[in-house]
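For reference, the structure discussed in these notes is given below.
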Amino acid sequence: MAAETLLWLIPLPPLAAFILITLVTGKKKALSHSLAIVGAGSSWLMSLFVFIKAVTRPNLAENPIAASINWLPTGETALRIGVQLDNLSAVVLFFVAWTILMIFIYSVGYHNYGHPAGERDVPGLPPHGADVKDVHGHTHRVPSVEPMYARFFGFLSLFAFAMYLLVVCDNLLLLYTGWEIMGLCSYLLIGFWYGKDSAKKAAMKAFMTTRIGDVFMLLGIVFLYTQAGTLNYREIFGNAALMHALAVNPAGFLGLSQAGAIGLLLFIGTIGKSAQFPLHVWLPDAMEGPTPVSAMIHAATMVSAGVYLAIRIFPLLTAGWEPGDVGTPAMIVVGAVGAFTALFAATIAVAQNDIKRVLAYSTISQLGYMIAAIGVGAYTAAIFHLVTHAFFKALLFLGSGSVIHGVEHGVMHSGEHVDPQDMLNMGGLRKKMPVTFWTFLIGGLALSGFPVITAGFWSKDEILSGAFHSGQIVIFVTLALAALLTAFYTMRQITLTFLGQPRTEAARHAQETPWTMTLPLLILSIFAVAAGWSGIPEHFPLIGGWLPNWFEHFTGAMLGHEGEAPAFSAVPLLVSVIVSLPGLTLGWLVYRGVKIAVDPLKKTLGRLHGLLQHKYYFDELYTFLFIKPAIWVSEVFTSRWMDRVVIDGILHAIARAFLWLGKLVRQGFDVPVVNAGGDAIASGFKKGGAALQPMQSGRVQQYMVVMITVVMVFTAILLAILKLV
Amino acid sequence: MIPLSWYLILSAALVCVGVFGVISRRNAIAMLLGVELILNAVNINLLAFWRYKDVSHVTGQVFTIMVITAAAAEVAVGLAIFIAVYRNKRTIAAEDVADLKG
């Protein structure tokens, strides 16, 4: 089959799975997860096939795999939709396909497929566990299967559809469609356990926060359409005259060019979706959802979509910029937001105790890294980190889910009331959960950029080198500090979770998770290492040049020139080694001896630790600045004052006026004229009838006399008249 | 031949007798007899005019037969009504049957 046709088909199997699960198989657990996995699996297969086709196609950047059809006729032209696979979407499609399939498989184990249903489980709450009796008559408490098992796979499939759609489409409108469907799925899946108040609130928070970004993004799309008349990537970015015009014409506000204004508006969409400062607040709360959701949406795919968009619009952000120049205003904004977010989120991650929240802030921080790379013009580095991050972050999230699952098992065994997500309650899980430990370690090392062997090192090194060569020293230093913190909190997490001695009974009785959960971990850990080998800089000491720097050449071709690696400089390399290793060591030294559930940093940092633990009080600030005023406006101003006083007052006044008018009409016209007149007519007829009544005697002969008399009288009159005539 | 006016006078006399009978008699059957007299007066008129005007047209005779037929039907219906009234009221005196009084 032609690659174009396959490209059209890639998003459809998960959509079909979603529809079938929702409408038909909602009650059948095995059938539902089989449908979902078969759907994701066929998309995965087609994606890999198309990926290979794309990689082997000569000159893919100018001649991408693409097809389109007319969609909406708009006057004389038509809005076209189509699919397109160029170098950028090819690599994105690759990691999306892998991570989605892994997460689908993982979800089967995570939701305890094959376990009995718990007696206290209700839809909308996490399963509580079930009691089973073994052959010896002992009662064991075991995890119970998720009550809304099929629904979860339905939502997940819809999400996969949207992500595939977003990646393979060839225009911004279709991208926006996929983007919004993912927003919806995010809401549905974060609020999957809707019986929990916190999950409900987190779902709303995620939806509303990303909505802010989406509105600006839509404005950007409209602006772009008015200027370019099309939303197709190639028709815009491939049109040199148009790009030049956009770069030169002023937008009319803030001194931006049109390209810069459009780019920044679209970039606000990225800020929302990829949880960049100041719209980062939703992502940590999104950890309320089941862990596969956290892995899928909030680490590997959906937040990557934001960065994907930012990379897509790279030509707009950098319009009029030559490598080596100071960046355009748009680039400076993007770089500043990214770098600040990278450091800001990393500092918060240091003080979090919830295993998933640490990863959530680390995700924000790493996304900031990619955004900063775009801001300094390091195009291929941004894509490279996007890919490697997707793999190792999916791995870490799934690993954390595995840890939580294992500890939950321990909690059920020991009957303790401890939070199974709190790292301070863990420790020593290395021996209990070896597969999870080793894969988590690989993911953690990749995240912290452990030199040479991990994928994260190569991509992070490239970003640091890009920042260094762009001359943006502030961004370079910020990113380096963030990398140091990243290594520190990653090692803190690994040490607290896996090393040392168990700090609770629950951790002592933790158990390794089933193969459906560990298999995805193993596969992802391979990528977390090997994905880096595709992009080793050629000038790297010793091992540079052994493998061709395929990634740089492949994705760099998108910019129209073979991505030319800047001259090698030892500074960024040394920095990335220096920040990673001591960071890891420090993390181990501080946390290796933790015996009780208290963070040793609490004493050292004092009030700063509290500030970090409360995330710089951003939630409280936003509550104070936006939510409270919004509630005040709606409840007090609009509801109480505008609605009840002003609008109701006007309505009541009108009602009263009409009541008065009605009374007037009734007393002045209705009663005296209409009623009295009607009555008079009726009584007149009544009187007339009574007067005529005696005529009706009922005696036939009397009638006859009258009749004959009348006939005779009239005849006489007639005769008289005739005679007169 | 007797002049036409004689027949007309006879007919007028019969009508007067019939009307008087209808108006003055209490018994409904007697009233019916009066009606018959009026009808027969009409018949005499019709035949007389036919005989004295245009003999070739049989309109007068035909009409007379029609009137006799109608009268027979009327008597049949009328007597049936009287029997029904009698069954109900045990009388057929006209002034006693005044239920349609207003």
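The values are calculated or read from the model by the stated rules, or taken from the named source; none is laboratory data. Bear in mind the structure is a predicted one, so any value in this text is a computation, not a measurement. No Cβ is skipped: glycine too gets one built from the backbone with ideal geometry, and neighbour counts run over all protein chains shown.
Checked against the criterion of being buried (at least 22 other Cβ atoms within 10 Å of the Cβ), over 22 Å from A:I21 (Cβ atoms) and touching a residue at least 40 places away in the same chain (Cβ under 8 Å), region A:105-114 has no qualifying residue. Put simply, of B:A12, B:A98 the only residue that is assigned to a helix (DSSP H, G or I), surrounded by 13 or more Cβ atoms within 10 Å (Cβ to Cβ) and within 14 Å of another protein chain (Cβ to nearest Cβ) is B:A12. Take A:A228 and tell me if it is farther than 16 Å from A:P292 by Cα and either assigned by TED's automatic domain parsing to the domain that holds A:A299 or in contact with a His (Cβ under 7 Å, 6 or more places away or on another chain) (or both). It is true that A:A228 is farther than 16 Å from A:P292 by Cα and either assigned by TED's automatic domain parsing to the domain that holds A:A299 or in contact with a His (Cβ under 7 Å, 6 or more places away or on another chain) (or both).
Only one entry of A:K687, A:K723, A:K663 meets the criterion of being in a helix (DSSP H, G or I), modelled with pLDDT under 90 and either in contact with a Phe, Trp or Tyr (Cβ under 9 Å, 6 or more places away or on another chain) or more than 14 Å from chain B (Cβ to nearest Cβ) (or both), and that entry is A:K723.
Residues are listed down the side, and each one gets a yes or a no for (1) under 30 Å from A:G587 (Cα atoms); (2) modelled with pLDDT under 90; (3) surrounded by fewer than 11 Cβ atoms within 10 Å (Cβ to Cβ):
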residue	(1), (2), (3)
A:T604	yes, yes, yes
A:S639	no, yes, no
A:Q702	no, yes, no
A:L718	no, no, yes
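Taking the listed residues B:A71, B:A76, the one that is under 20 Å from A:I708 (Cβ atoms), more than 14 Å from chain A (Cβ to nearest Cβ), part of a helix (DSSP H, G or I) and among the small types (G, A, S) is B:A71, with no other qualifying.
Scanning region B:34-55 for residues that are in contact with a helix residue (DSSP H, G or I) (Cβ under 8 Å, 6 or more places away or on another chain) and of a type outside the set (A, V, I, L, M, F, W, C) turns up B:G34, B:E36, B:N40, B:N43, B:N45, B:R51, B:Y52. Of the residues that make up region A:537-551, is at least one part of a helix (DSSP H, G or I) and either in contact with a strand residue (DSSP E or B) (Cβ under 8 Å, 6 or more places away or on another chain) or crowded, with 22+ Cβ neighbours inside 10 Å (or both)? Checked against the condition, which is being part of a helix (DSSP H, G or I) and either in contact with a strand residue (DSSP E or B) (Cβ under 8 Å, 6 or more places away or on another chain) or crowded, with 22+ Cβ neighbours inside 10 Å (or both), region A:537-551 yields at least one hit.
Scanning region A:428-458 for residues that are touching a residue at least 12 places away in the same chain (Cβ under 8 Å) and farther than 21 Å from A:S534 by Cα yields a total of 12.
A:N112 falls short on exactly one of the conditions (1) modelled with pLDDT of 85 or more; (2) not in a helix (DSSP H, G or I), and that condition is (1).
With respect to A:V711, is the statement that it is surrounded by 11 or more Cβ atoms within 10 Å (Cβ to Cβ) and either away from chain B (no Cβ under 14 Å) or of a type outside the set (G, A, S) (or both) true? So A:V711 fails the test. All of A:A295, A:A228, A:A310 fail the test of being within 29 Å of the chain's Cα centre (by Cα) and either among the β-branched types (V, I, T) or within 30 Å of A:N353 (Cα to Cα) (or both), apart from A:A295. Where helices (runs of 4 or more DSSP H) fall wholly inside region A:1-102, the ranges with 3 or more residues that are closer than 30 Å to A:T380 by Cα and either of a type in the set (G, A, S) or assigned by TED's automatic domain parsing to the domain that holds A:V387 (or both) are A:29-56.
Quick grid of which residues meet (1) without any contact (Cβ under 8 Å) to a residue 12 or more places away in the chain; (2) in contact with a Phe, Trp or Tyr (Cβ under 8 Å, 6 or more places away or on another chain):
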{"site": "A:L584", "(1), (2)": "no, yes"}
{"site": "A:L601", "(1), (2)": "no, no"}
{"site": "A:R607", "(1), (2)": "yes, no"}
{"site": "A:F618", "(1), (2)": "no, no"}
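For A:V594, are the conditions met, namely being of a type in the set (V, I, T) and assigned to a helix (DSSP H, G or I)? Criteria not met by A:V594. Scanning region B:20-35 for residues that are closer than 14 Å to B:A71 by Cα and free of Cβ contacts under 8 Å to residues at least 24 places away in the same chain returns B:L33, B:G34.
Does B:Y7 meet the test of being surrounded by 15 or more Cβ atoms within 10 Å (Cβ to Cβ) and either free of Cβ contacts under 8 Å to residues at least 60 places away in the same chain or within 14 Å of chain A (Cβ to nearest Cβ) (or both)? For B:Y7, the condition - surrounded by 15 or more Cβ atoms within 10 Å (Cβ to Cβ) and either free of Cβ contacts under 8 Å to residues at least 60 places away in the same chain or within 14 Å of chain A (Cβ to nearest Cβ) (or both) - is met.
Every condition in (1) in a helix (DSSP H, G or I); (2) in contact (Cβ under 8 Å) with a residue 12 or more places away in the chain is met by A:K200 except one, and the failing one is (2). If you check A:I297, A:I313 for being among the hydrophobic types (A, V, I, L, M, F, W, C), modelled with pLDDT of 85 or more and within 25 Å of A:T210 (Cβ to Cβ), only one passes: A:I313.
Here A:I627, A:I578 are screened, and the one residue that is within 28 Å of the chain's Cα centre (by Cα) and surrounded by 12 or more Cβ atoms within 10 Å (Cβ to Cβ) is A:I627. Please work out if B:A48 is surrounded by 17 or more Cβ atoms within 10 Å (Cβ to Cβ), away from every other protein chain (no Cβ under 14 Å) and within 23 Å of B:P3 (Cβ to Cβ). Against the criterion (surrounded by 17 or more Cβ atoms within 10 Å (Cβ to Cβ), away from every other protein chain (no Cβ under 14 Å) and within 23 Å of B:P3 (Cβ to Cβ)), B:A48 qualifies.
Test B:V62 against the stated conditions and say whether it is within 12 Å of chain A (Cβ to nearest Cβ) and surrounded by 12 or more Cβ atoms within 10 Å (Cβ to Cβ). Answer is no for this residue. Would you confirm whether any residue within region A:690-698 is away from every other protein chain (no Cβ under 14 Å), at pLDDT 90 or above and more than 60 Å from the chain's Cα centre (by Cα)? No: region A:690-698 contains no residue that is away from every other protein chain (no Cβ under 14 Å), at pLDDT 90 or above and more than 60 Å from the chain's Cα centre (by Cα).
A:L485 - would you say it is in contact with a helix residue (DSSP H, G or I) (Cβ under 8 Å, 6 or more places away or on another chain), under 30 Å from A:P548 (Cα atoms) and not assigned by TED's automatic domain parsing to the domain that holds A:I105? Judged against the criteria, A:L485 is not a match. In the set A:W641, A:W660, only one residue is over 30 Å from A:W282 (Cα atoms) and either within 48 Å of the chain's Cα centre (by Cα) or assigned by TED's automatic domain parsing to the domain that holds A:M208 (or both); that residue is A:W641.
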